[in-house]
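Q: Quick one: the structure is below, and I'll ask about it shortly.
The values are calculated or read from the model by the stated rules, or taken from the named source; none is laboratory data. Since this is a predicted model, take the numbers as computed values, not measurements. Neighbour counts run over all protein chains shown; Cβ positions are idealised from the backbone, glycine included. All accessible areas refer to the heavy atoms of the entire protein, side chains included, with ligands and DNA or RNA removed. Shrake-Rupley method; radii C 1.70, N 1.55, O 1.52, S 1.80 Å.
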Amino acid sequence: MKLYYSPGACSLGIHVILEEIGKPYELSLVALKDGAQHKPDFVAVNPKSKVPALDRGDGRVLTEFPVIAWWLGKSNPEAGLMPTDFEAETRCLEMLDYVCGTVHPQGFTRQFRPANFTAREEDQPKVVEQGKAMAGKYFETLEKNWSGGTYVLASGYSVADAALFFVEYWATRRSGMTLPSHLAKHLDAMLARPAVQRALQQEGLPA
């Protein structure tokens, strides 16, 4: 398998999942800051011009974080990263969608790429603050509805935890945010996992 990633991007969560699985894979750097996602070599891999993208090892490429996470979990059942219970799997997918479809684009893209949301440069600081406020609201929603223990699901560790991890990491390491209690404990538990430590080290990111 080959993961197309950019250091510290949402692809970090897929990187963690690959490390948890423990099967051989390659990393292929896509330097988003340099616009590499728009260059022909990568567009040929993923016409959507974004990471993560995963070559499954057979020349076929998967895109979109929730689908890649689901596929990795389902195709590697021995790793125990996708619940076998139907309800738990449903809740896992629900968390993947919320993180990737709401928390990431609304809460953090506003903070990291405010120009995407306004044509007026003088309005960008307001967009950043709006994004931080929205992220805080989303985290409080997760806190109030937390049904797991250490990890997101009552059934235990899953790919949903890798998704929640990357936005928690952004919040604390890039945005200076304070997480509510359950999420703070979750982040600490994630940072203690060897797979997470390896992924961070490989991407040159601080723990």
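Q: Which of the trypsin sites (Lys or Arg not before Pro) found in region 100-135 are in a DSSP loop and have at most 11 neighbouring Cβ atoms, other than their own, within 10 Å? List each step's numbers first, then the result.
A: Numbers: sites: R110, R120, K126, K132; in loops: R120.
Filter output for region 100-135: R120.
Q: With the full set of protein chains in place, find how many percent of the accessible area of the chain is carbon and sulfur; take the probe as 1.4 Å.
A: 52 percent
Q: Turning to a different aspect of this structure: Run through region 1-92 and list the trypsin sites (Lys or Arg not before Pro) located in a DSSP loop whose Cβ has at most 10 other Cβ atoms within 10 Å. If you can, show how the numbers build up before the last one.
A: On the way: sites: K2, K33, K48, K50, R56, R60, K74, R91; in loops: K48, K50, R56, R60.
Counting only loop positions with at most 10 other Cβ atoms within 10 Å, the trypsin sites (Lys or Arg not before Pro) in region 1-92 are R60.
Q: Only Lys, Arg, Asp and Glu count, each charged at its Cβ (+1, +1, -1, -1), so figure out the dipole size of the chain about its Cα centre, rounded to 20 debye. Before the final figure, lay out the partial values.
A: Details: 22 positive and 24 negative charges, 86 e Å.
Rounded to the nearest 20 debye, it is 420 debye.
Q: Rounded to the nearest 20 Debye, what is the dipole magnitude of region 90-160 about its Cα centre when Lys and Arg each give +1 and Asp and Glu each give -1 at the C-beta?
A: On the way: 8 positive and 8 negative charges, 7 e Å.
Charge dipole of region 90-160: 40 debye, to the nearest 20.
Q: When we measure straight from the Cα of K2, which lysines land under 29 angstrom away, once same-chain ones fewer than 8 places off are left out?
A: Once the sequence-local lysines are set aside, what remains near K2 is K23, K33, K39, K48, K50, K74.
Q: Can you pull a Stokes-Einstein diffusion coefficient for region 57-207 at 10 °C (1.306 mPa s), Rh from Kirkwood over Cα pairs, as a whole number of µm²/s?
A: Numbers: Rh = 16.4 Å.
Reported coefficient: 97 µm²/s.
Q: Provide the per residue accessible area, probe 1.4 Å, for region 66-197, rounded to a whole number of square angstrom. Display every interim value, and only then the final one.
A: On the way: 6460 Å² over 132 residues.
Result: 49 Å² of accessible area for each residue.
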